[in-house]
Amino acid sequence: MTEDSELRSAAEEAMDAGVEWLALAGAEWRERRLKPSGEEVTDADIEVERRVSRVLRRRTPEVPIIGEESTTGGPLPPTCWLLDPIDGTMNFTRGAPGYALSLAFVKDRRPSLGVIDAPALGRRWITRRTTGPATEPSGAREVSRAVIGITGAGSGNPRHKAFIGRLYGEAYRIRMQGAMSMDLVGVAEGWLDACICIGPKPWDVAAGTALVRERGMAVLGPGGRTFTFDSPVLAAGREALAGELMDRWEAQL
C-alpha cells in the first residue's frame, strides 16, 4: 500500500468512526453552549473529535492532530491532520442538514488530502475519489452572473455588513449556508460559482481547499495570492471570479 492510499484509508476509517457514532447520538448531545469566542459548541463536537482522533493516532501515530475543539493555539506543524468535528454546529443544533465533518492531511503547510462528510445528506467527498453525482459549473466568470456563497459573516462587523450588502446588490444570487466546508464543496461540485469565507480557521477550510484545487479552480487570499492558513479571508472559484471577489473585499476595507 502506498503512503497516499494508507493516508486515505486512515482518513476514511477515522471519519467512519465519527459519522457512525453521530448517527446514534441522542438529542442530549446537541445541547449547545457558547465558547469564549461566542461560537456554539456541543458535547457531540467534542466526542466526534475524540473518536476521529483516536483512529488517526492508531493509524498514523507520527502525525500530529490539530482539532478545533482541542487546539491550544500556536503555529501549525508543517505536516499534520486538521479536523473540524462538526463544521456548521449552529445548523447541527437546530436540526438543519447543512453541517459536515471535515478532515484534511496537510503536508508542507498545504492540504494534500481532504475528506468531507455531510451525515444528514448521506454524502461524502474525498479528493481523488468522490462519490455521488457532480454537476458541471455554470461557467460564470463575473460576479453579476454568479451564485456566491458567504460564510463567517455573523460577527456583526460593520465592514462585513457593508461588503455583504454591496455583494447582495451586485451578484446574481447570494447563498449563506453556514458551513465553510460545505460552501467549498459547493464550488467544487458546481452548486456555487464561487464562495468567500470570512475569518476562516485552518480546520474549517483545509479539506475543502484540497477538493476545490483538485477540480482545477483557485483558492485565493488577500492580494489575489494563493490562500494560506494565516489569510484572514478566502475566495474560491474560477480564478478570474475568485480574484474579482477578493478585489471587492479589499476595496471595501
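The values are calculated or read from the model by the stated rules, or taken from the named source; none is laboratory data. For clarity, every value in this text was computed on a predicted model and none was experimentally measured. Because the Cβ atoms are built from the backbone with ideal geometry, glycine has one as well, and the counts that use them run over all protein chains shown. Keep in mind that these areas ignore ligands, DNA and RNA; they rest on the heavy atoms of the full protein, side chains included. Shrake-Rupley method; radii C 1.70, N 1.55, O 1.52, S 1.80 Å.
Site pair Arg57 and Ala25 shows an inter-label distance of 1.8 nm when each label is modelled 7 Å from Cα along Cα→Cβ. Taking a ≥ b ≥ c as the square roots of the Cα gyration tensor eigenvalues, segment 181-235 comes out prolate, since a/c reaches at least 1.5 and a/b is larger than b/c. For segment 29-144, the equivalent ellipsoid derived from the Cα gyration tensor has semi-axes of 24, 21, 15 Å, listed largest first. Solvent-accessible surface (1.4 Å probe) assigned to Arg213 amounts to roughly 50 Å².
Taking only protein heavy atoms into account and a 1.4 Å probe, give the accessible area per residue of the chain in Å². Could the numbers behind the result be given before it?
Details: 11630 Å² over 253 residues.
Using a 1.4 Å probe on heavy atoms only, each residue of the chain averages 46 Å².
For Leu56, neighbours were defined as the other residues whose beta-carbon sits under 13 Å from its Cβ, and their charges (Lys and Arg +1, Asp and Glu -1) total +1.
If R₀ is 25 angstrom, what is the calculated FRET efficiency for the pair Ile174 and Arg128, using the beta carbon separation as r and rounding to 0.05?
Numbers: r = 31 Å, r/R0 = 1.25.
Once the sixth-power term is evaluated, E becomes 0.20.
Dividing the mean sequence gap of close Cα pairs (under 8 Å, 6+ apart) by how many residues segment 138-231 holds gives a relative contact order of 29 percent. Accessible-area rank, largest first, for Tyr99, Tyr168: Tyr168, Tyr99, with all protein chains present and a 1.4 angstrom probe. When Arg173, Arg238, Arg141 are compared by accessible area at a 1.4 angstrom probe, the order from most to least is Arg141, Arg173, Arg238. When both bridge partners sit in the chain, DSSP labels roughly 75% of those beta bridges antiparallel. Expressed as a whole percent, the accessible area of segment 1-117 that falls on carbon and sulfur atoms is 52 (1.4 Å probe). A viscosity of 0.890 mPa s and a temperature of 25 °C, combined with the Kirkwood radius over Cα pairs in Stokes-Einstein, give a translational diffusion coefficient for the chain of 135 µm²/s.
Annotation for Lys107 and Arg159: the two label points, set 7 Å from Cα along the Cα-Cβ direction, are 3.7 nm apart.
Projected label points at Arg94 and Asp4, each 7 Å from Cα along the beta carbon direction, are separated by 4.1 nanometres. For the residues Ile116, Ile164, a 1.4 Å probe over the protein chains yields an accessible-area ranking, largest first, of Ile164, Ile116.
In this structure Thr226 has an accessible area near 80 Å², from a 1.4 Å probe over the protein heavy atoms. Between Ser144 and Ser70, full extension at 0.36 nm per residue minus the direct alpha carbon distance yields a gain of 22.5 nm.
Straight-distance candidates among the lysines for linking to Lys107, with alpha-carbon spacing under 28 Å and chain neighbours fewer than 8 residues away dropped: Lys201.
In deg cm²/dmol and to the nearest 500, what is the mean residue ellipticity at 222 nm of the chain if only DSSP H runs of at least 4 residues count, each as -39500 (n - 2.57), divided by the residue total? Don't jump to the answer; show the numbers that get you there.
Values: 7 runs with 94 residues, N = 253.
So the helix-based figure for the chain works out to -12000 deg cm²/dmol.
Using every pair of distinct Cα positions in segment 120-253, the Kirkwood expression returns a hydrodynamic radius of 14.5 angstrom.
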